[in-house]
Amino acid sequence: DGTRDEFRLMEKRVKNYGREVLSNQSSKSKRQKLKINAGKAVNETNFHWNEVVDVCNVRYSCLQVVSRNESDISFGDKKMDWSATNSHSNVYDLSSISPGLFLVSGALSIEQQIYWASKAVEEYSTVEHNNLNNLQSIYGNTETDEATLSKVTPAKDIPNVEDLWINSVDEDIPFETFSKLRWSCLGYHYDWTKRMYQKNLKSTFPPDLASLCTNLAHLVNLDLTVEAAIVNYYPTSANMGGHLDDAEHTMEKPIISISLGCSAIFLIGSTTREVKPSPILVRSGDAVIMSGTSRYCYHGVPLILNSTFCPLEAELYPDVSNTSQLLQQAQEQEYDSRARNVVKYLQQARINMNVRQVRVNPLEESDE
């Protein structure tokens, strides 16, 4: 029909850029060339780092800081409230990019990042939450429609799934099996084939995670009754194509997206794919809040910045990734082996927890 898919074009540009950076990383002369290229004018085919919106870069100091969190929680206290937002976080209004879009920079402290990542790998990946996850297709069970759902091999009967994280930690190649996991569901489960939530299939939603996301929504004066989350587990080679989150019965409520581990380029466009999207850098501990018009916009993650990629970009723009801080914290605080394993995993992966309300009036409707 002659229309141009600007979202897909930007995805390709970002992915190609990532490949170029990784292929050039071993050569010092090529690194210098990369520095030079980073300052050149943007053209139709090449993506340049100066296109990335980074709220921590002085170039974006003009962005409105909606609020600075002034909570007085001491994270040295063993009785810390894990659902509270970091006292040093800043809330940025990105409505100039997409109306209703906010970025909470540093929403989680280093300790909180390790805590929530531990929850994600140790608890949220377990049988209760992964009935419809991608491991079923990996092990030969691809049917998820209602007629055949009961015939699908239960997750608990798939090898290594019940203790997926524990078994992966001790593998010859650490996390090899766990790296095959792409998602799990909390609360109402989402059927990717039908693109709908399963009314009669749900798991327990962690109350502390619900409180955290409600607190994040309150930072920008939004209300949210948490009912579901999709937890994505990305190896650095993975990406999430441009899509809409439109399966919820209520689109007026925000989606809270929490990032842990490797940094990533988050794309957000418009209500059609014909509008060029904006690339935004999200770091470990950041939270993106999509509300208003942005709730109806195409978005995706075309590139994850792995541990070899980040130092290269750090030559241009310092502090691209927070994963080095996670590792340093684990070493300095002499964390136990469980926490150290989580930090090692975060050096080579990204966890993204996308939390939302599903029903229009959850407190008035029957709990189906």
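The values are calculated or read from the model by the stated rules, or taken from the named source; none is laboratory data. Remember, predicted model here, so these are calculated numbers, not experimental data. Virtual Cβ from ideal backbone geometry, glycine too; neighbours counted across all protein chains shown. Areas reflect the complete protein model, heavy atoms only, side chains present, ligands, DNA and RNA absent. Shrake-Rupley method; radii C 1.70, N 1.55, O 1.52, S 1.80 Å.
Taking the numbered list (1) assigned to a loop (DSSP other than H, G, I, E, B); (2) at pLDDT 95 or above; (3) open to solvent by less than 10 Å² (accessible area, probe 1.4 Å) in turn, Ile258 passes all entries but (1). Among the residues making up the range 160-188, those that are under 16 Å from Ser125 (Cβ atoms) and touching a residue at least 60 places away in the same chain (Cβ under 8 Å) are Val169, Pro174, Phe175, Phe178, Ser179, Ser184, Leu186, Gly187. Residue count for the range 232-244, restricted to those that are assigned to a loop (DSSP other than H, G, I, E, B) and open to solvent by 30 Å² or more (accessible area, probe 1.4 Å): 4.
The sole residue among Leu346, Leu303, Leu326 that is buried (at least 23 other Cβ atoms within 10 Å of the Cβ) and modelled with pLDDT under 85 is Leu326.
Within the range 183-231, the only residue that satisfies the criterion of being open to solvent by 10 Å² or more (accessible area, probe 1.4 Å), touching a strand residue (DSSP E or B) at 6+ places or on another chain (Cβ under 6 Å) and part of a helix (DSSP H, G or I) is Leu219. For the subset of the range 169-182 comprising residues that are open to solvent by less than 40 Å² (accessible area, probe 1.4 Å) and among the hydrophobic types (A, V, I, L, M, F, W, C), which member is nearest to the chain's Cα centre (by Cα)? Checked the range 169-182; the qualifying residue nearest to the chain's Cα centre (by Cα) is Leu181.
How about the range 205-226: which of its residues are of a type in the set (Val, Ile, Thr) and touching a helix residue (DSSP H, G or I) at 6+ places or on another chain (Cβ under 6 Å)? Hit for the range 205-226 is Val226, nothing else.
Among residues belonging to the range 96-120 that are farther than 20 Å from Asn215 by Cβ and in contact with a Ser or Thr (Cβ under 9 Å, 6 or more places away or on another chain), point out the one that is least open to solvent (accessible area, probe 1.4 Å). Applying the filter and picking the extreme gives Ser98. Of the strands (runs of 3 or more DSSP E) lying entirely inside the range 35-133, those carrying at least 3 residues that are modelled with pLDDT under 85 are 64-68.
Flag not set for Ser284, criterion: crowded, with 18+ Cβ neighbours inside 10 Å, of a type outside the set (A, V, I, L, M), in a helix (DSSP H, G or I) and modelled with pLDDT of 60 or more.
Restricting attention to the range 349-365, does a residue exist that is among the basic types (Lys, Arg), at pLDDT below 85, on the phi < 0 side of the Ramachandran plot and part of a loop (DSSP other than H, G, I, E, B)? Checking the range 349-365: at least one residue is among the basic types (Lys, Arg), at pLDDT below 85, on the phi < 0 side of the Ramachandran plot and part of a loop (DSSP other than H, G, I, E, B). For the range 231-255, filtered to residues that are of a type in the set (Val, Ile, Thr) and at pLDDT below 90, the residue that is farthest from Tyr188 (Cα to Cα) is Thr236.
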